[in-house]
1. Checking the structure you have, find out if any residue of region 264-281 is polar (S, T, N, Q) and either at pLDDT below 95 or not in a loop (DSSP other than H, G, I, E, B) (or both).
2. Could you grab me the full set of residues in region 50-61 that are over 20 Å from TRP133 (Cα atoms) and either surrounded by fewer than 20 Cβ atoms within 10 Å (Cβ to Cβ) or among the aromatic types (Phe, Trp, Tyr) (or both)?
3. Taking LEU272 as meeting all but one of (1) more than 14 Å from ARG293 (Cα to Cα); (2) surrounded by fewer than 24 Cβ atoms within 10 Å (Cβ to Cβ); (3) aliphatic (A, V, I, L, M), write down the number of the exception.
4. Being free of Cβ contacts under 8 Å to residues at least 40 places away in the same chain and either buried (at least 24 other Cβ atoms within 10 Å of the Cβ) or under 18 Å from VAL46 (Cα atoms) (or both): is that true of VAL147 here?
5. Within region 189-227, how many residues turn out to be touching a Ser or Thr at 6+ places or on another chain (Cβ under 7 Å), within 26 Å of ARG86 (Cα to Cα) and in a loop (DSSP other than H, G, I, E, B)?
6. What number of residues within region 85-103 satisfy the criterion of being under 20 Å from LEU170 (Cα atoms) and among the acidic types (Asp, Glu)?
7. Residues that are buried (at least 23 other Cβ atoms within 10 Å of the Cβ) and under 20 Å from LEU156 (Cα atoms): does region 242-264 have at least one?
Amino acid sequence: MRRRTLLAAAGAALAAATTAPAHAYGGGSGRRTLHVRPGDSVQAAVDAVPGPGWTIAVHPGTYRETINVPATAAGLTLVGASGDPRDAVIVYDNANGTRKPDGSGTYGTAGSATFTSAAPGLTVRGLTIANDWLRADHPEITGTQAVAAYVTGDRLLFEHVRLLAHQDTLFADTTALDAFDRQYYRHCYIEGDVDFVFGRATAVFDHCHLHTLDREVGFKPEGMVFAPSTARANPYGFLAVRSRITSGAEDAAYKIARPWVPSYETTAWPSLVVRDTWIGPGIDAVVPYTNMREAYPWQTMRFREYRNTGPGAEVTVPGNRPQLTADEAELHTRATYLGDWTPHA
(Lines give C-alpha, C1' and ligand atoms only; values in the text may rest on other atoms or scores of the structure.)
Protein backbone atom coordinates (compact mmCIF):
# COMPACT_ATOMS: atom_id res chain seq x y z
CA MET A 1 0.00 0.00 0.00
CA ARG A 2 2.79 2.43 0.82
CA ARG A 3 4.45 1.80 -2.55
CA ARG A 4 1.24 2.35 -4.48
CA THR A 5 0.69 5.60 -2.57
CA LEU A 6 4.15 6.89 -3.49
CA LEU A 7 3.74 6.13 -7.18
CA ALA A 8 0.31 7.79 -7.23
CA ALA A 9 1.46 10.91 -5.41
CA ALA A 10 1.76 12.94 -8.60
CA GLY A 11 -1.74 12.32 -9.88
CA ALA A 12 -4.12 14.08 -12.21
CA ALA A 13 -3.42 17.50 -10.73
CA LEU A 14 0.13 17.31 -12.09
CA ALA A 15 -0.74 16.09 -15.56
CA ALA A 16 -0.35 19.52 -17.12
CA ALA A 17 3.25 19.71 -15.96
CA THR A 18 4.28 16.22 -17.01
CA THR A 19 2.12 15.00 -19.86
CA ALA A 20 2.62 15.46 -23.59
CA PRO A 21 0.75 13.98 -26.55
CA ALA A 22 1.81 10.49 -27.53
CA HIS A 23 2.91 11.66 -30.95
CA ALA A 24 5.47 13.95 -29.29
CA TYR A 25 7.63 10.96 -28.47
CA GLY A 26 6.74 8.45 -31.16
CA GLY A 27 8.42 5.24 -30.04
CA GLY A 28 8.79 4.50 -33.73
CA SER A 29 9.13 1.22 -35.56
CA GLY A 30 12.45 1.84 -37.33
CA ARG A 31 15.39 -0.50 -37.19
CA ARG A 32 17.08 1.65 -34.53
CA THR A 33 14.21 1.35 -32.02
CA LEU A 34 13.87 -1.41 -29.43
CA HIS A 35 10.48 -1.92 -27.78
CA VAL A 36 10.02 -3.02 -24.17
CA ARG A 37 6.66 -4.35 -22.95
CA PRO A 38 5.44 -5.74 -19.62
CA GLY A 39 7.27 -8.95 -18.89
CA ASP A 40 10.37 -7.65 -20.69
CA SER A 41 13.40 -6.06 -19.04
CA VAL A 42 14.41 -2.47 -19.72
CA GLN A 43 17.97 -3.36 -18.72
CA ALA A 44 18.03 -6.18 -21.25
CA ALA A 45 17.10 -3.64 -23.93
CA VAL A 46 19.87 -1.30 -22.78
CA ASP A 47 22.33 -4.20 -22.92
CA ALA A 48 21.17 -5.05 -26.44
CA VAL A 49 21.82 -1.58 -27.87
CA PRO A 50 24.68 -2.11 -30.35
CA GLY A 51 25.93 1.46 -30.52
CA PRO A 52 25.11 5.19 -30.29
CA GLY A 53 21.89 6.81 -31.33
CA TRP A 54 19.34 4.12 -30.52
CA THR A 55 15.87 4.54 -28.99
CA ILE A 56 14.22 2.31 -26.42
CA ALA A 57 10.42 2.69 -26.33
CA VAL A 58 9.00 1.58 -22.97
CA HIS A 59 5.35 0.56 -23.24
CA PRO A 60 2.82 1.10 -20.41
CA GLY A 61 3.52 -1.01 -17.35
CA THR A 62 5.54 -1.16 -14.13
CA TYR A 63 9.11 -2.39 -14.52
CA ARG A 64 10.51 -3.37 -11.14
CA GLU A 65 14.25 -3.38 -11.77
CA THR A 66 17.35 -1.25 -11.61
CA ILE A 67 18.75 0.24 -14.82
CA ASN A 68 22.40 0.99 -15.59
CA VAL A 69 23.16 2.82 -18.85
CA PRO A 70 26.90 2.66 -19.60
CA ALA A 71 28.96 5.49 -21.05
CA THR A 72 29.25 3.53 -24.29
CA ALA A 73 25.51 4.00 -24.97
CA ALA A 74 26.06 7.58 -26.13
CA GLY A 75 23.03 9.33 -27.59
CA LEU A 76 20.58 6.78 -26.20
CA THR A 77 16.93 7.84 -25.98
CA LEU A 78 14.44 6.24 -23.60
CA VAL A 79 10.81 7.18 -24.15
CA GLY A 80 7.50 6.22 -22.71
CA ALA A 81 5.59 4.84 -25.68
CA SER A 82 2.24 6.37 -24.66
CA GLY A 83 3.53 9.91 -24.08
CA ASP A 84 2.07 9.97 -20.53
CA PRO A 85 4.85 9.51 -17.93
CA ARG A 86 2.42 7.92 -15.49
CA ASP A 87 1.93 4.95 -17.82
CA ALA A 88 5.50 3.57 -17.87
CA VAL A 89 7.11 3.28 -14.44
CA ILE A 90 10.63 2.07 -13.63
CA VAL A 91 10.91 1.51 -9.88
CA TYR A 92 13.02 -0.25 -7.25
CA ASP A 93 13.66 0.02 -3.52
CA ASN A 94 17.33 0.04 -2.56
CA ALA A 95 18.68 2.52 0.00
CA ASN A 96 22.16 3.60 1.04
CA GLY A 97 22.06 1.19 3.96
CA THR A 98 20.48 -1.75 2.13
CA ARG A 99 22.80 -4.74 2.22
CA LYS A 100 23.84 -6.23 -1.10
CA PRO A 101 22.67 -9.80 -1.77
CA ASP A 102 26.25 -11.02 -2.12
CA GLY A 103 27.15 -9.79 1.37
CA SER A 104 29.79 -7.36 0.12
CA GLY A 105 28.39 -4.43 2.10
CA THR A 106 25.72 -1.82 1.50
CA TYR A 107 24.82 -0.02 -1.71
CA GLY A 108 25.79 3.50 -0.64
CA THR A 109 23.97 6.59 -1.87
CA ALA A 110 24.87 6.45 -5.59
CA GLY A 111 24.54 2.68 -5.64
CA SER A 112 20.98 2.86 -4.33
CA ALA A 113 19.72 4.47 -7.55
CA THR A 114 16.92 2.86 -9.50
CA PHE A 115 18.26 4.48 -12.69
CA THR A 116 21.97 5.10 -13.27
CA SER A 117 23.49 6.54 -16.43
CA ALA A 118 26.94 7.69 -17.49
CA ALA A 119 26.01 8.03 -21.18
CA PRO A 120 26.65 11.43 -22.80
CA GLY A 121 23.80 12.75 -24.89
CA LEU A 122 21.18 10.71 -23.01
CA THR A 123 17.54 11.70 -23.54
CA VAL A 124 14.71 10.49 -21.29
CA ARG A 125 11.11 11.42 -22.11
CA GLY A 126 7.68 10.49 -20.85
CA LEU A 127 8.69 8.07 -18.08
CA THR A 128 8.39 7.75 -14.31
CA ILE A 129 11.57 6.79 -12.45
CA ALA A 130 11.03 6.04 -8.78
CA ASN A 131 12.63 4.65 -5.65
CA ASP A 132 9.87 3.52 -3.30
CA TRP A 133 12.06 2.58 -0.33
CA LEU A 134 10.51 3.97 2.87
CA ARG A 135 12.13 4.71 6.22
CA ALA A 136 9.09 3.53 8.13
CA ASP A 137 9.40 0.06 6.62
CA HIS A 138 13.09 -0.25 7.57
CA PRO A 139 13.71 1.25 11.03
CA GLU A 140 16.90 -0.80 11.33
CA ILE A 141 18.56 1.09 8.43
CA THR A 142 20.20 4.43 9.19
CA GLY A 143 21.52 5.13 5.69
CA THR A 144 18.17 6.39 4.42
CA GLN A 145 19.26 7.99 1.14
CA ALA A 146 17.34 6.22 -1.64
CA VAL A 147 18.02 7.66 -5.08
CA ALA A 148 15.63 7.51 -8.04
CA ALA A 149 18.15 8.68 -10.67
CA TYR A 150 21.94 9.06 -10.52
CA VAL A 151 23.14 10.61 -13.77
CA THR A 152 26.48 11.86 -15.09
CA GLY A 153 27.69 12.79 -18.55
CA ASP A 154 27.32 15.89 -20.70
CA ARG A 155 24.19 16.96 -22.61
CA LEU A 156 21.52 15.05 -20.70
CA LEU A 157 17.89 15.90 -21.47
CA PHE A 158 14.99 14.88 -19.23
CA GLU A 159 11.62 16.01 -20.55
CA HIS A 160 8.16 15.27 -19.15
CA VAL A 161 9.71 12.86 -16.64
CA ARG A 162 8.49 12.14 -13.11
CA LEU A 163 11.24 11.50 -10.54
CA LEU A 164 9.84 10.12 -7.27
CA ALA A 165 11.55 9.24 -4.00
CA HIS A 166 12.08 10.65 -0.52
CA GLN A 167 15.69 11.46 0.39
CA ASP A 168 18.11 12.23 -2.47
CA THR A 169 15.66 11.71 -5.34
CA LEU A 170 17.83 13.14 -8.14
CA PHE A 171 21.64 12.91 -7.99
CA ALA A 172 22.64 15.27 -10.81
CA ASP A 173 26.39 14.77 -10.90
CA THR A 174 29.41 14.97 -13.21
CA THR A 175 31.89 12.41 -14.43
CA ALA A 176 34.78 14.18 -12.67
CA LEU A 177 35.51 17.23 -10.54
CA ASP A 178 36.85 19.12 -13.54
CA ALA A 179 34.01 18.07 -15.88
CA PHE A 180 31.21 20.63 -16.12
CA ASP A 181 28.56 18.21 -17.39
CA ARG A 182 25.34 19.92 -18.51
CA GLN A 183 21.85 18.60 -17.77
CA TYR A 184 18.51 20.05 -18.84
CA TYR A 185 15.22 19.17 -17.12
CA ARG A 186 12.13 20.53 -18.86
CA HIS A 187 8.53 20.11 -17.70
CA CYS A 188 9.57 17.52 -15.13
CA TYR A 189 7.96 16.67 -11.79
CA ILE A 190 10.40 15.94 -8.96
CA GLU A 191 9.35 15.08 -5.42
CA GLY A 192 11.13 14.19 -2.20
CA ASP A 193 11.98 15.42 1.26
CA VAL A 194 15.69 15.73 2.15
CA ASP A 195 18.18 17.22 -0.36
CA PHE A 196 16.12 15.70 -3.12
CA VAL A 197 17.86 17.56 -5.96
CA PHE A 198 21.60 17.40 -5.31
CA GLY A 199 24.98 17.05 -6.96
CA ARG A 200 27.73 18.77 -8.92
CA ALA A 201 26.25 19.14 -12.41
CA THR A 202 25.44 22.30 -14.31
CA ALA A 203 21.69 21.65 -14.32
CA VAL A 204 18.77 23.75 -15.55
CA PHE A 205 15.26 23.05 -14.26
CA ASP A 206 12.94 24.79 -16.70
CA HIS A 207 9.18 24.83 -16.07
CA CYS A 208 9.60 22.04 -13.53
CA HIS A 209 7.39 21.22 -10.57
CA LEU A 210 9.30 20.48 -7.37
CA HIS A 211 7.16 19.04 -4.59
CA THR A 212 8.15 18.52 -0.95
CA LEU A 213 6.61 15.56 0.88
CA ASP A 214 5.30 15.46 4.42
CA ARG A 215 7.99 13.51 6.25
CA GLU A 216 7.14 10.45 8.28
CA VAL A 217 9.10 11.70 11.30
CA GLY A 218 8.97 14.97 13.18
CA PHE A 219 12.17 16.75 12.17
CA LYS A 220 12.33 20.53 11.76
CA PRO A 221 13.01 21.54 9.13
CA GLU A 222 11.46 18.58 7.41
CA GLY A 223 13.92 18.89 4.56
CA MET A 224 15.51 20.88 1.76
CA VAL A 225 14.73 20.98 -1.96
CA PHE A 226 18.28 21.54 -3.28
CA ALA A 227 21.75 20.56 -2.09
CA PRO A 228 24.25 21.58 -4.80
CA SER A 229 27.93 20.61 -4.56
CA THR A 230 29.23 22.70 -7.48
CA ALA A 231 32.96 22.62 -8.18
CA ARG A 232 34.65 25.90 -7.32
CA ALA A 233 35.96 26.30 -10.88
CA ASN A 234 32.47 25.95 -12.38
CA PRO A 235 30.70 29.32 -12.80
CA TYR A 236 27.29 27.61 -13.05
CA GLY A 237 25.59 25.14 -10.74
CA PHE A 238 21.83 24.61 -10.42
CA LEU A 239 19.34 26.98 -12.06
CA ALA A 240 15.59 26.73 -11.46
CA VAL A 241 13.66 29.00 -13.81
CA ARG A 242 9.93 29.46 -14.46
CA SER A 243 9.23 26.59 -12.09
CA ARG A 244 6.96 25.85 -9.10
CA ILE A 245 7.76 24.67 -5.59
CA THR A 246 4.80 23.17 -3.72
CA SER A 247 4.49 21.13 -0.56
CA GLY A 248 2.49 18.38 1.05
CA ALA A 249 3.76 19.46 4.48
CA GLU A 250 2.71 22.30 6.73
CA ASP A 251 3.65 25.88 6.03
CA ALA A 252 7.32 26.82 6.47
CA ALA A 253 8.36 23.18 7.01
CA TYR A 254 11.02 23.23 4.28
CA LYS A 255 14.09 25.17 3.20
CA ILE A 256 14.95 25.97 -0.40
CA ALA A 257 18.47 24.62 -0.04
CA ARG A 258 21.55 23.85 1.95
CA PRO A 259 25.10 23.63 0.58
CA TRP A 260 26.72 20.23 0.18
CA VAL A 261 30.49 20.25 0.54
CA PRO A 262 31.38 16.55 0.44
CA SER A 263 34.18 15.26 2.61
CA TYR A 264 35.84 13.98 -0.57
CA GLU A 265 35.59 17.42 -2.30
CA THR A 266 36.15 20.08 0.33
CA THR A 267 36.93 22.68 -2.34
CA ALA A 268 33.31 22.67 -3.58
CA TRP A 269 31.53 26.04 -3.75
CA PRO A 270 27.83 25.26 -4.15
CA SER A 271 25.88 27.39 -6.62
CA LEU A 272 22.10 27.73 -6.88
CA VAL A 273 19.93 30.35 -8.59
CA VAL A 274 16.14 30.23 -8.30
CA ARG A 275 14.47 32.79 -10.53
CA ASP A 276 11.04 33.63 -11.95
CA THR A 277 9.64 30.78 -9.89
CA TRP A 278 6.50 30.47 -7.78
CA ILE A 279 7.37 29.34 -4.25
CA GLY A 280 4.54 28.08 -2.08
CA PRO A 281 3.99 28.43 1.68
CA GLY A 282 5.76 25.15 2.41
CA ILE A 283 9.08 27.01 2.15
CA ASP A 284 10.19 29.00 5.20
CA ALA A 285 10.19 32.61 3.97
CA VAL A 286 11.92 33.90 7.11
CA VAL A 287 14.91 31.54 7.02
CA PRO A 288 14.81 29.88 3.57
CA TYR A 289 18.35 28.43 3.67
CA THR A 290 20.28 26.38 6.19
CA ASN A 291 23.67 24.72 6.67
CA MET A 292 24.57 21.11 6.14
CA ARG A 293 27.80 21.52 8.12
CA GLU A 294 28.65 24.48 10.30
CA ALA A 295 32.08 24.71 8.70
CA TYR A 296 30.41 25.70 5.41
CA PRO A 297 27.73 28.31 6.17
CA TRP A 298 25.21 28.91 3.41
CA GLN A 299 25.87 32.65 3.51
CA THR A 300 29.31 32.04 1.97
CA MET A 301 27.87 30.06 -0.94
CA ARG A 302 26.61 31.15 -4.35
CA PHE A 303 22.92 31.15 -3.45
CA ARG A 304 20.79 33.78 -5.21
CA GLU A 305 17.19 34.49 -6.19
CA TYR A 306 15.51 36.76 -8.71
CA ARG A 307 11.90 37.83 -9.30
CA ASN A 308 10.34 34.90 -7.47
CA THR A 309 6.69 35.07 -6.40
CA GLY A 310 4.40 33.31 -3.95
CA PRO A 311 4.18 33.24 -0.15
CA GLY A 312 7.42 31.27 0.19
CA ALA A 313 9.31 33.89 -1.82
CA GLU A 314 8.56 36.88 0.38
CA VAL A 315 11.67 38.73 1.55
CA THR A 316 10.91 39.09 5.26
CA VAL A 317 14.42 39.50 6.71
CA PRO A 318 17.00 41.53 4.73
CA GLY A 319 20.02 39.39 3.92
CA ASN A 320 18.26 36.06 4.46
CA ARG A 321 17.68 35.53 0.76
CA PRO A 322 20.27 37.28 -1.46
CA GLN A 323 18.87 38.67 -4.70
CA LEU A 324 20.46 39.10 -8.11
CA THR A 325 20.49 42.50 -9.72
CA ALA A 326 18.99 42.79 -13.20
CA ASP A 327 22.48 42.86 -14.70
CA GLU A 328 23.56 39.80 -12.72
CA ALA A 329 20.41 37.96 -13.79
CA GLU A 330 21.54 38.22 -17.42
CA LEU A 331 24.37 35.83 -16.52
CA HIS A 332 22.01 33.22 -15.09
CA THR A 333 19.83 32.01 -17.93
CA ARG A 334 19.19 28.75 -19.70
CA ALA A 335 21.40 29.90 -22.57
CA THR A 336 24.40 30.83 -20.42
CA TYR A 337 24.25 27.59 -18.44
CA LEU A 338 23.90 25.31 -21.47
CA GLY A 339 26.25 27.22 -23.75
CA ASP A 340 26.55 25.83 -27.27
CA TRP A 341 24.11 23.01 -26.48
CA THR A 342 20.53 23.97 -27.40
CA PRO A 343 18.12 21.11 -26.59
CA HIS A 344 15.42 23.76 -26.18
CA ALA A 345 15.68 25.05 -29.77
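The values are calculated or read from the model by the stated rules, or taken from the named source; none is laboratory data. In this text the structure is predicted, and so the values were computed from the model without any measurement. When we count neighbours, we look across all protein chains shown, and the Cβ atoms used for this are built from the backbone with ideal geometry, even at glycine.
1. Step one: filter region 264-281 for residues polar (S, T, N, Q), giving 266-267, 271, 277.
Imposing the further condition that a residue be either at pLDDT below 95 or not in a loop (DSSP other than H, G, I, E, B) (or both) reduces the set to 271.
The answer is yes, given that some residue of region 264-281 is polar (S, T, N, Q) and either at pLDDT below 95 or not in a loop (DSSP other than H, G, I, E, B) (or both).
2. From region 50-61, those over 20 Å from TRP133 (Cα atoms) are 50-60; that's our starting set.
Answer for region 50-61, where residues must be over 20 Å from TRP133 (Cα atoms) and either surrounded by fewer than 20 Cβ atoms within 10 Å (Cβ to Cβ) or among the aromatic types (Phe, Trp, Tyr) (or both): PRO50, GLY51, PRO52, GLY53, TRP54, HIS59, PRO60.
3. Tallying (1) more than 14 Å from ARG293 (Cα to Cα); (2) surrounded by fewer than 24 Cβ atoms within 10 Å (Cβ to Cβ); (3) aliphatic (A, V, I, L, M), LEU272 fails exactly one: (2).
4. Details: free of Cβ contacts under 8 Å to residues at least 40 places away in the same chain: yes; either buried (at least 24 other Cβ atoms within 10 Å of the Cβ) or under 18 Å from VAL46 (Cα atoms) (or both): yes.
Yes.
5. 3
6. Keep residues of region 85-103 that are under 20 Å from LEU170 (Cα atoms), which gives 85-86, 88-98.
With the extra rule that they be among the acidic types (Asp, Glu), the set shrinks to 93.
Qualifying residue count for the region: 1.
7. Taking every residue of region 242-264 in turn, at least one turns out to be buried (at least 23 other Cβ atoms within 10 Å of the Cβ) and under 20 Å from LEU156 (Cα atoms).
This table checks each residue for (1) in contact with an Asp or Glu (Cβ under 7 Å, 6 or more places away or on another chain); (2) among the aromatic types (Phe, Trp, Tyr); (3) more than 26 Å from LEU134 (Cα to Cα).
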{"position": "ARG162", "(1), (2), (3)": "no, no, no"}
{"position": "HIS166", "(1), (2), (3)": "yes, no, no"}
{"position": "LEU170", "(1), (2), (3)": "no, no, no"}
{"position": "THR175", "(1), (2), (3)": "yes, no, yes"}
{"position": "TYR189", "(1), (2), (3)": "no, yes, no"}
{"position": "ALA203", "(1), (2), (3)": "no, no, yes"}
{"position": "THR212", "(1), (2), (3)": "yes, no, no"}
